[in-house]
Amino acid sequence: MIDENGDNLGEKTLEEAKSLAAKAELDLVELAPNARPTVCRIMDFGKFQYEKEKESRKQKSKVKKSELKEIRLSFKIAKNDLENKLKQANKFLDEGHKVKLSLRLKGREKAFKREAILKLKEHLTLLGEDIIVEGSVSAQGPSVFATVSKKTNN
C-alpha cells in the first residue's frame, strides 16, 4: 500500500486501507490488481483522472497532423505559373504534408494522356531530389495525378 505522499506503508488489510483513506479524506485506488499482494494507493482519484487527461491532451497537441494537399495544374500551364505552383507544393512538403499534383485534361487534351503523364513526371523532377513519389503517376478519368512526400532525415 502506498500513501498520498508516495511512501510505502507495507501490507495492510482491506479494512485498514479503507480506514486510512477515509481519515485522509481521499480515495483508495487499486493500481495493480494482478500482483500478489495487490498494490493500492491513497489518492484523490478525480485529480488523478484530470492530470492524466490533461497529459494526454498535451501529447495530442504535440502530434503533427499530416494532410493531403492538392495542387492543380493544367496541360498548357505557363512557366511562371508552374513555378508558383511548385513553390507552393514545396512549402506544403516542408510543413510535412503530402501533396497530390493533378493535371486536369480538358476537351481535346484528353487525347494526349501519354503526353500528360510525361509532362507531370517532368514537373515532379522540378520539385527536387528529396521527394518520394508514392505509387506511380497514374491517369484516372480526365486527370493525371501523383502523390508525393518529402524524405525525412532520420
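The values are calculated or read from the model by the stated rules, or taken from the named source; none is laboratory data. Since the structure is predicted, the reported quantities are computational estimates derived from the model, not experimental observations. Positions of Cβ are backbone-derived with ideal geometry, glycine not excepted, and every protein chain shown enters the neighbour counts.
Sort out which residues of the stretch 1-42 are in contact with a helix residue (DSSP H, G or I) (Cβ under 6 Å, 6 or more places away or on another chain) and without any contact (Cβ under 8 Å) to a residue 40 or more places away in the chain, and write them in order of number. It would help to see each step written out before you state the result.
Of the residues in the stretch 1-42, the ones in contact with a helix residue (DSSP H, G or I) (Cβ under 6 Å, 6 or more places away or on another chain) are 1, 27-29, 40, 42.
Matches in the stretch 1-42: D27, L28, V29, C40.
If you go through the stretch 77-100 and keep only what is of a type in the set (G, A, S) and under 18 Å from the mean Cα position of the chain (by Cα), you end up with just G96. Looking across the stretch 100-132, the residues that are more than 14 Å from V144 (Cα to Cα) and in contact with a strand residue (DSSP E or B) (Cβ under 8 Å, 6 or more places away or on another chain) come down to L127, D130, I131, I132.
Rundown of residues vs (1) in a loop (DSSP other than H, G, I, E, B); (2) β-branched (V, I, T); (3) touching a helix residue (DSSP H, G or I) at 6+ places or on another chain (Cβ under 9 Å); (4) under 22 Å from E67 (Cβ atoms), yes/no style:
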position: K87; (1), (2), (3), (4): no, no, no, yes
position: V99; (1), (2), (3), (4): no, yes, yes, yes
position: S102; (1), (2), (3), (4): no, no, yes, yes
position: I117; (1), (2), (3), (4): no, yes, no, no
position: K121; (1), (2), (3), (4): no, no, no, no
position: T125; (1), (2), (3), (4): no, yes, no, no
position: E129; (1), (2), (3), (4): yes, no, no, no
position: V148; (1), (2), (3), (4): no, yes, yes, yes
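The residues in the stretch 124-154 that are within 17 Å of G96 (Cα to Cα), among the β-branched types (V, I, T) and modelled with pLDDT of 80 or more can be counted, and the count is 5. Looking at F92, is it surrounded by fewer than 17 Cβ atoms within 10 Å (Cβ to Cβ), assigned to a helix (DSSP H, G or I) and of a type in the set (A, V, I, L, M, F, W, C)? Here the answer is no, as F92 does not meet what is asked. For the condition under 25 Å from P142 (Cα atoms), free of Cβ contacts under 8 Å to residues at least 60 places away in the same chain, surrounded by fewer than 10 Cβ atoms within 10 Å (Cβ to Cβ) and not β-branched (V, I, T), K79 qualifies.
Contact annotation: residue pairs with Cβ atoms under 6 Å, 6 or more positions apart or on different chains, pairing a residue in the stretch 133-151 that is under 14 Å from K113 (Cα atoms) with a partner that is in a strand (DSSP E or B) and of a type in the set (S, T, N, Q), are S143/S102; F145/S102.
Taking the criterion of being under 19 Å from K47 (Cα atoms) and either touching a Leu at 6+ places or on another chain (Cβ under 7 Å) or not in a strand (DSSP E or B) (or both), the residues of the stretch 19-34 that qualify are L20, A21, A22, K23, A24, E25, L26.
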